[in-house]
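Following: one structure in structure tokens, then a few remarks.
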Amino acid sequence: MTQANAQQQGFCASDGQAAPVQLLERFINAECENCWQDPSTLKAKPGQAVLDWVVPGASGDAAALSAVAGIESLDRLQALKLAVPAQTDNSLKEVKPLAGASLRVAHGLALTGYLGASIEFKPAVKANSDQALTAWLALVETLPAGTEGSPVARHLVRNSIAVIWNGNDAALSSDAPAGRRFESRVMSVAGSANAEQLRVIGWLENSAGEVVMAAQSACEDLAEPAEKAKTTLNN
């Protein structure tokens with residue numbers, strides 16, 4: 001889908017996209033100036049949804065990568081039971097989809113520093129609708145390999161939310177017996193982000209921390225030359 005088409009329809013979604021089979025998360029400590037350019041960075045494979053989290057450093061705004069660090073990364077590390085990495089760390093999880101269920105993510109256009117995004121889960125059977133799930137929705141900026149010397153394409157997390165969907169909560173089961181779950185939020189967008197490179201990645205985790213569904217939106221061909229990427233790590 002071209003950016004012009006995205007502008008015409010006013011939103012981008014995961015409709016028609018293949019569901020990811022793995023979730024790869026790469027964490028970089030903002031203090032590690034060279035980690036972004038590390039040639040040993042774990043490379044993405046087909047079928048993976050990839051997120052790059054830059055974790056705030058001990059020196060705050062003085063950290064080398066502080067401009068793209070997000071406090072949401074601390075929440076994600078806590079959920080994964082991982083410590084703040086001294087330099088880098090990775091998490092790779094298999095997606096174990098719930099049979100017959102569907103997950104949809106979507107977002108609108110970025111306007112005046114904000115963007116509307118949503119995540120929707122439709123279980124196939126009531127047994128799936130009754131279980132407690134945590135829905136994660138991340139706003140990512142896709143940067144081609146070569147951006148600021150990165151050896152790989154980056155999917156920089158710019159914002160994220162986590163919502164607990166408790167199957168026993170009547171307010172969340174208003175569509176019973178279908179058991180549909182839906183969350184819509186307005187997410188802030190960093191001023192340095194390139195709005196044309198933004199999309200959303202969503203996934204569900206059960207109480208054991210297993211990823212049971214995943215989806216990612218598509219708006220356009222994000223494989224633009226590195227020199228077109230507007231984001232820098234220094235402003």
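Points worth noting:
- For ILE71, the conditions (1) under 19 Å from the mean Cα position of the chain (by Cα); (2) open to solvent by less than 70 Å² (accessible area, probe 1.4 Å); (3) without any contact (Cβ under 8 Å) to a residue 40 or more places away in the chain are fulfilled apart from (2).
- Conditions (1) in a loop (DSSP other than H, G, I, E, B); (2) open to solvent by 70 Å² or more (accessible area, probe 1.4 Å); (3) among the aliphatic types (A, V, I, L, M); (4) touching a residue at least 12 places away in the same chain (Cβ under 8 Å): number failed by LEU82: (2)
- A single entry from THR2, THR88 fulfils the requirement of being among the hydroxyl-bearing types (Ser, Thr, Tyr), modelled with pLDDT under 95 and open to solvent by 20 Å² or more (accessible area, probe 1.4 Å): THR2.
- Of all residues in region 159-191 being at pLDDT 90 or above and open to solvent by less than 30 Å² (accessible area, probe 1.4 Å), the one that is farthest from PHE11 (Cα to Cα): TRP165
- Residue in region 41-52 that is touching a residue at least 12 places away in the same chain (Cβ under 8 Å), within 24 Å of ALA110 (Cβ to Cβ), in contact with a strand residue (DSSP E or B) (Cβ under 7 Å, 6 or more places away or on another chain) and open to solvent by 80 Å² or more (accessible area, probe 1.4 Å) present: no
- For region 200-215, filtered to residues that are of a type outside the set (Phe, Trp, Tyr) and buried (at least 23 other Cβ atoms within 10 Å of the Cβ), the residue that is nearest to HIS107 (Cα to Cα) is VAL200.
The values are calculated or read from the model by the stated rules, or taken from the named source; none is laboratory data. In this text, all values refer to a predicted model and were calculated from it rather than measured experimentally. Quick reminder, even Gly has a Cβ in these numbers, built from the backbone with ideal geometry, and neighbours come from all protein chains shown. Ligands, DNA and RNA are excluded from the accessible area calculation, which covers all protein heavy atoms including side chains. Shrake-Rupley method; radii C 1.70, N 1.55, O 1.52, S 1.80 Å.
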